[in-house]
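Comments concern the structure below.
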Amino acid sequence: MKKRVAIFASGEGSNFEKIADNKDLKDKIKIEILVCDNKDAPVIQKAEIRNIPTYVFSSKDFDSKEDYEREILKKVHNLDYIFLAGYMRIISPYFLENYKNTIINIHPSLLPKYKGKNAIEKAYNANEKEIGVSIHYVNEEVDGGDIIAQKSIEVSQSDTLEYVTEKIHKIEHELYPYVILKLIKEEL
Ligand code: GAR
């Protein structure tokens with residue numbers, strides 16, 4: 001039976017796309033819904049053209065995080081996994097309580113280094129010789145939680161930030177579907 005999952009995203013949706021289009025995942029997962037907190041995000045159209053239902057909200061329309069998370073919880077009822085793919089909001093303990101150890105995030109750094117926004121740029125500007133991608137369980141800290149997988153690349157002095165960024169995204173696009181498949185087959 002297919003695992004029922006949701007993807008949460010805030011922006012471009014390139015990771016969303018790679019998960020949704022992955023051939024090996026097609027008969028393993030059903031993306032029940034895309035949850036997006038930004039009505040202008042390109043990821044919304046990527047879901048629509050694939051006939052994946054969307055729930056788009058604006059945090060400004062709610063009095064508190066608990067209020068909008070309560071609304072999200074109504075849309076993501078009883079799912080097997082939630083995959084965060086560039087979802088730029090912290091998940092509260094209230095929400096996590098409902099989805100213990102089943103929310104996974106991808107972050108473009110070798111955690112615990114460079115949590116938060118602009119992680120690739122931060123690592124690059126710090127002259128790191130090795131930078132990478134982490135996939136981890138989500139807990140109440142920003143980009144915190146147990147690490148499931150990491151992959152890195154070496155950075156040489158002549159590499160530009162643009163080049164490194166592109167390479168990191170390429171790793172993300174391969175690693176996230178691969179890790180999801182492994183998780184679902186209980187090989188991780
Ligand atoms: C990805 O690089 C992802 O790792 C990052 O946002 C980007 C989303 O790209 N996530 C974080 O920084 C989480 N702290 P996408 O919308 O094209 O998938």
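When the range 129-143 is filtered for residues that are within 19 Å of E162 (Cα to Cα) and within 16 Å of the ligand (Cβ to nearest atom), the ones remaining, listed by number, are I131, G132, V133. Of the residues making up the range 64-89, those that are aromatic (F, W, Y) and within 16 Å of the ligand (Cβ to nearest atom) are F83, Y87. So in the range 115-131, with the set limited to residues that are closer than 20 Å to M88 by Cβ, in a loop (DSSP other than H, G, I, E, B) and among the charged types (D, E, K, R), which one is most open to solvent (accessible area, probe 1.4 Å)? Taking the candidates together, the pick is K117.
Here S109 meets each of (1) part of a loop (DSSP other than H, G, I, E, B); (2) in contact with a His (Cβ under 7 Å, 6 or more places away or on another chain); (3) of a type in the set (S, T, Y) with one exception, condition (2).
Set side by side, the residues T165, T160 differ, and just one is surrounded by fewer than 17 Cβ atoms within 10 Å (Cβ to Cβ), among the hydroxyl-bearing types (S, T, Y) and touching a helix residue (DSSP H, G or I) at 6+ places or on another chain (Cβ under 7 Å), which is T165.
When the residues of the range 93-114 are narrowed to those that are of a type in the set (S, T, N, Q) and open to solvent by less than 20 Å² (accessible area, probe 1.4 Å), which ends up nearest to the ligand (Cβ to nearest atom)? Among them, the one singled out is N105. For the range 60-72, residues that are open to solvent by 50 Å² or more (accessible area, probe 1.4 Å) and part of a helix (DSSP H, G or I) total 6. A count restricted to the range 1-30 and to residues that are within 14 Å of the ligand (Cβ to nearest atom), in contact with a strand residue (DSSP E or B) (Cβ under 7 Å, 6 or more places away or on another chain) and within 20 Å of I91 (Cα to Cα) stands at 6. Can you say whether S134 is among the hydroxyl-bearing types (S, T, Y) and in a strand (DSSP E or B), as far as the supplied structure shows? For S134, the condition - among the hydroxyl-bearing types (S, T, Y) and in a strand (DSSP E or B) - is met.
Hey, any hits in the range 151-173 for a residue that's more than 17 Å from the chain's Cα centre (by Cα), within 30 Å of D61 (Cα to Cα) and either within 13 Å of the ligand (Cβ to nearest atom) or assigned to a helix (DSSP H, G or I) (or both)? So far as the range 151-173 goes, no, none of its residues is more than 17 Å from the chain's Cα centre (by Cα), within 30 Å of D61 (Cα to Cα) and either within 13 Å of the ligand (Cβ to nearest atom) or assigned to a helix (DSSP H, G or I) (or both).
The values are calculated or read from the model by the stated rules, or taken from the named source; none is laboratory data. Everything numeric here is computed off the predicted structure, so don't read it as measured data. Cβ: placed from backbone, ideal geometry, glycine included. Neighbour counts: every protein chain shown. Surface accessibility is based on the protein's heavy atoms, side chains included, excluding ligands, DNA and RNA. Shrake-Rupley method; radii C 1.70, N 1.55, O 1.52, S 1.80 Å.
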